[in-house]
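Notes follow once the structure below has been shown.
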Amino acid sequence: MSTGTTLTRRGVLAGGLAFTFTFTAGEGAAAQPGTGPLNAYVAIAPDGTITIQAPVPEMGQGTNTALPLIVAEELDADWEKVRIETAPVRAAYDSPIFRSQFVVASLSVRGYWMPLRMAGAQARRVLLDAVAARWGVPVEQLSTEPSTVVHAASGRRMSYGEVAGFARAPATLPEITPAALKPVSAFRLIGRDVARFDVPAKARGQTLFAMDVRLPGMLHATVARSPGLGARPVSHNGAALLGRPGITHVLPLDQGVAIVGERVEAVLAARRELSVQWSPGEGAAHDSEAALTSYLEDVRDATKPGVQVLRTSEPEQALAGAARVHSAEFTSDYVYHGQMEPLTCVASVTEGGVEIWAGTQWPSLVRDEAARILGIPAERVTVHMLTMGGGFGRRAAIDYAVEAVHVARAVGRPVKVMAMREDDMANAHVRPMTAHRIEVGLDAAGRITAWRHRLASDLVVPQLYGRARLEAQRGVDHIVTYHANVAHYDVPATVTQHLYREHGVRTAPWRGIGAGPNAFAVEAVVDDLARQAGTDPLAYRLALLRDARARAVVEAAGAMAEWSRPRAGTHLGIGFSKLGLPQLGEALAATVAEVAVDRAAGTLRVLRLWCAADVGLAVQPRNAMRQIESSLLWGVSSALTERLTFRDGAVQQSNFTDYEMLRAPDTPEVQVRFVGGGEVPLPVAELGLGTVAPAISNAVMAATGRRLAAIPFTQERVRAALAG
Amino acid sequence: MIPLNVNARAVTVEAAPDTPLLWVLREHLGLTGTKYGCGVAACGACTVHLDGEAVRACSVPVGEVAGRPVTTIEGLPGGAENPLVRAWVAVQTPQCGYCQTGQIMQAATLLARSPRPSREEILEHMQGNLCRCATYNQVVDAIQHAAREA
Ligand code: FES
Ligand code: FES
């Protein structure tokens, strides 16, 4: 996939998308003795310490170890000597996929893969050129060992630290082509586990989250946010709260009211007594129960074509001519991100510009929005990319950073704007609720001839990327509709139609995006078809999957689980899902779930998960497995308990007491194995999610002959399904 | 003025007695290793030790702890060499890390009374500590690792 890529000093990486990537010397590493910045990513000190910039912030997925490790590999650095810094927000660190510093879609390692290899190779080349000149030998005669330049012919060796004594970045950096990169077989670091550099501080409470930033003269603030898009504060009782000790300001904002004060406890106490009257926003009447009913009507009403997301061959004709049509309906409720650190941002606006401390997935957008709000050039905005206390898509939205800038400007002092958990949940940027109707045409021999997936939901793309993007994509919301298809199965005619309604509900990408609800629907139907054909569901998939990689993960998951071994009191189910875009490479996964059903109580227990995944080249295998495990457990959590509902336009849940996420005692044992592989890393951190709900539902089907068709599988719903 | 005994040091703070201990630790004393996650004793991110027992600092008024020993992650004996901290690093448990100090403080009280806990015992004991990154299996591994090393 990366073959044929070339990179010049201002080069273009080709490979399906138009990538641009620029190396510029002089940015990044703080001034220190030694080489200074050899390019945007690397600086080497005379003691041999190698400073490597991590271009994106860490949100728990381990990229701030994995990304610098890629640079270190091509630099041929001794990993023990590497120090990692989080880069500033500058174009030099943009992801070639997003042309921005933006952590989303599990594309950090995939996106920075070539640029970071090139950067490492380029820095190495600068060192080699400097040594060649010093020793008077052709550069071709030099090689490297970890942090050492070697001239084999004369037996001379020089450490990178010594080289740093005289090597400097030339005015024009050497051009690097992919031919200069190491072959994958020569990797020393990539593919071997190293300790994550962020872990020791995290185990001691020494990591700086935005929540932990304390500045001289800093005020505290919290914001009561309007219940839905477009609702604005009309009146509030803030004047009465202003007189209280420690409360300095009550500020109406565009979609909220901020309480500001000297002490956080005073601010939070005042927040509890703040009441705000809102103008009716776009979603003032939103009721999730009623909306779900309308979604189901939409997917059943064949006269509504919706947006055509995908179409192959002539599915309508094939369905009309089918010997038999199997149809089934599914739903999923709204879910909340529940990142453990409530949204927090610190901002300080001065004459010179603005300084922002935030855990954000989109630092470049924070910078640009702050510049726009304040009417200053982007160069006067400093964004410190802090470690995020979880992101999962919520921090792709920057509402909380925008508010911090407004509040900081208004109060003229540094201010920390922190959401109370209740406000964080009330201001949930949800994964849209969905309804699905799938219709499958079968011929007389039981072979699938056509597949129609009708999906109804709200949208994410206009809120994340703007309405123009949705229009440019002909109305296709690629986030919500992700995996609403059977592209990996051998189905001759397919169509996916999206019937969307916008409810004024705030939305954002949520881990696994559309794969969560869509793979659930698809994989439940595949299982039902297998049963109707009298075939084992795993064998049915192996026969129906058209590509070898997909068959390999299904086969491996089955082998891990000992699929055919009879169990006492538990049942197995399988689900298949994927992550990534076809043009950048898709990671694939299959998971087997072992489930115990308590029919009397109407409860499920997920005991074990076995997941086989093909993630291409795993840069850090252990960490990649942990990320997949984490995404699998999100799958369990969202399949079993997570549920956000709206009434009169407002979220009805308020805290972790009534929004239930997976806790320790309900955690299944998890095994993850990699199969396949390759020379390019594929997306990892969301991969497992879509496999789990169908695996659980299919296991319950195996146990009871009843289909759980609504996520989450609450006790009430399980009881109803078993009774029905 | 409320006299406190935090991490074996006597300090006094100027806070209303109903102020949650959490904010006194974090904002008055600068001990930011103890985290805010929910404020209602539902997540465990704020777990500290009071008289040697794990409590949720968000739900303990500072007035109630006057003079009683409070230990936060910063005061965990041994610092980086504490067996739990070492185990957390060896197993590479943290992902985003935000919940992990609470997990460690909660785990410490289990090991204090059950030196070789089973997986079930651990999961039960950690019930009140949410980890949205879902590192629960690694929390189990780390606690058992620490138990073996101790
Ligand atoms: S913040 Fe105290 S338990 Fe959640
Ligand atoms: S490590 Fe992220 S919440 Fe536990």
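Before moving on, here are some points about what is shown:
- Residue in the range B:64-80 that is within 16 Å of ligand 2 (Cβ to nearest atom) and either aliphatic (A, V, I, L, M) or within 8 Å of chain A (Cβ to nearest Cβ) (or both) present: yes
- In the range B:28-53, the qualifying residues are those that are over 24 Å from A:PHE656 (Cα atoms) and surrounded by 17 or more Cβ atoms within 10 Å (Cβ to Cβ), and the one that is nearest to ligand 1 (Cβ to nearest atom) is B:LEU31.
- All conditions in (1) charged (D, E, K, R); (2) at pLDDT 50 or above; (3) surrounded by fewer than 24 Cβ atoms within 10 Å (Cβ to Cβ) hold for A:ARG9, with the sole exception of (2).
- B:ALA16 vs. criteria at the interface with chain A (Cβ under 10 Å from one of its Cβ atoms), away from ligand 2 (no atom under 16 Å from the Cβ) and surrounded by fewer than 22 Cβ atoms within 10 Å (Cβ to Cβ): yes
- Entry remark, the range A:28-81: residues being buried (at least 24 other Cβ atoms within 10 Å of the Cβ), within 22 Å of A:LEU128 (Cα to Cα), of a type in the set (Val, Ile, Thr) and under 30 Å from the mean Cα position of the chain (by Cα) number 5 in total.
- Restricting attention to the range B:134-148, the residues that are in contact with a Lys or Arg (Cβ under 6 Å, 6 or more places away or on another chain) and either within 12 Å of ligand 2 (Cβ to nearest atom) or under 15 Å from A:GLU669 (Cα atoms) (or both) total 1.
- Put simply, of B:SER114, B:SER59, B:SER118 the only residue that is within 15 Å of ligand 1 (Cβ to nearest atom), over 27 Å from A:PRO57 (Cβ atoms) and without any contact (Cβ under 8 Å) to a residue 40 or more places away in the chain is B:SER59.
- Restricted to the range A:527-623, the set of strands (runs of 3 or more DSSP E) holding at least 1 residues that are within 14 Å of another protein chain (Cβ to nearest Cβ), touching a residue at least 60 places away in the same chain (Cβ under 8 Å) and among the charged types (D, E, K, R) comprises A:603-614.
- Filtered by the rule that a residue be in a loop (DSSP other than H, G, I, E, B) and small (Gly, Ala, Ser), the range A:31-72 gives A:ALA31, A:GLY34, A:GLY36, A:ALA40, A:ALA45, A:GLY48, A:GLY60, A:GLY62.
- Every listed requirement among (1) of a type in the set (Lys, Arg); (2) within 14 Å of chain B (Cβ to nearest Cβ); (3) closer than 30 Å to A:ASP94 by Cβ is met by A:ARG214 save one, (3).
- Here B:TYR136 fulfils each of the conditions (1) surrounded by 24 or more Cβ atoms within 10 Å (Cβ to Cβ); (2) at the interface with chain A (Cβ under 7 Å from one of its Cβ atoms); (3) within 16 Å of ligand 1 (Cβ to nearest atom) apart from (3).
- For the range A:373-394, a tally of residues being in a helix (DSSP H, G or I) and within 14 Å of another protein chain (Cβ to nearest Cβ) returns 1.
- Residues in the range B:33-49 that are away from ligand 2 (no atom under 13 Å from the Cβ), more than 10 Å from the chain's Cα centre (by Cα) and in contact (Cβ under 8 Å) with a residue 24 or more places away in the chain: B:ALA41, B:ALA42.
- For A:LEU633, the conditions (1) within 24 Å of the chain's Cα centre (by Cα); (2) not in a helix (DSSP H, G or I) are fulfilled apart from (2).
- Sole residue being closer than 28 Å to B:GLU124 by Cα and either in contact with a helix residue (DSSP H, G or I) (Cβ under 6 Å, 6 or more places away or on another chain) or within 14 Å of chain B (Cβ to nearest Cβ) (or both), chosen from A:GLY688, A:GLY676: A:GLY688
- Helices (runs of 4 or more DSSP H) within the range A:106-223 that include 3 or more residues hydrophobic (A, V, I, L, M, F, W, C): A:108-135
- Selection of the range A:596-615 for residues being over 24 Å from the mean Cα position of the chain (by Cα) and closer than 19 Å to A:ALA559 by Cβ yields A:LEU607, A:ARG608.
- Any chance A:ALA322 is at pLDDT 95 or above, more than 23 Å from A:ARG421 (Cβ to Cβ), over 25 Å from the mean Cα position of the chain (by Cα) and assigned to a loop (DSSP other than H, G, I, E, B): yes
- Of the set (1) closer than 21 Å to A:GLY678 by Cα; (2) surrounded by fewer than 24 Cβ atoms within 10 Å (Cβ to Cβ), all apply to A:VAL554 but (2).
- Restricting the range B:84-101 to residues that are facing chain A (nearest Cβ under 7 Å) and not polar (S, T, N, Q) leaves a set whose member that is nearest to B:HIS145 (Cα to Cα) is B:TRP88.
- Answer residue from the range B:111-136, given it is in a helix (DSSP H, G or I) and more than 14 Å from the chain's Cα centre (by Cα) and is nearest to A:GLY635 (Cα to Cα) among those: B:TYR136
- Failed condition for A:GLU265, given (1) without any contact (Cβ under 8 Å) to a residue 24 or more places away in the chain; (2) away from every other protein chain (no Cβ under 12 Å); (3) in contact with a helix residue (DSSP H, G or I) (Cβ under 8 Å, 6 or more places away or on another chain): (2)
- Flag if B:ALA108 is more than 7 Å from chain A (Cβ to nearest Cβ), more than 16 Å from ligand 2 (Cβ to nearest atom) and among the aliphatic types (A, V, I, L, M): yes
- Filtered residues of the range B:42-63 (kept if more than 9 Å from chain A (Cβ to nearest Cβ) and of a type in the set (A, V, I, L, M)): B:VAL48, B:LEU50, B:ALA54, B:VAL55, B:ALA57, B:VAL60, B:VAL62
- Selection count, the range A:690-711, where residues are out of contact with any strand residue (DSSP E or B) (no Cβ under 7 Å at 6 or more places or on another chain) and surrounded by 24 or more Cβ atoms within 10 Å (Cβ to Cβ): 1
- Each residue in the range A:265-306 was checked for being within 16 Å of A:HIS236 (Cβ to Cβ), surrounded by 20 or more Cβ atoms within 10 Å (Cβ to Cβ) and among the charged types (D, E, K, R), and 1 of them qualify.
- Condition met for A:ARG413 (within 24 Å of A:LEU215 (Cα to Cα), assigned to a loop (DSSP other than H, G, I, E, B), charged (D, E, K, R) and in contact (Cβ under 8 Å) with a residue 40 or more places away in the chain): yes
The values are calculated or read from the model by the stated rules, or taken from the named source; none is laboratory data. From a predicted model like this one, the values you see are computed outputs, not experimental measurements. Virtual Cβ from ideal backbone geometry, glycine too; neighbours counted across all protein chains shown.
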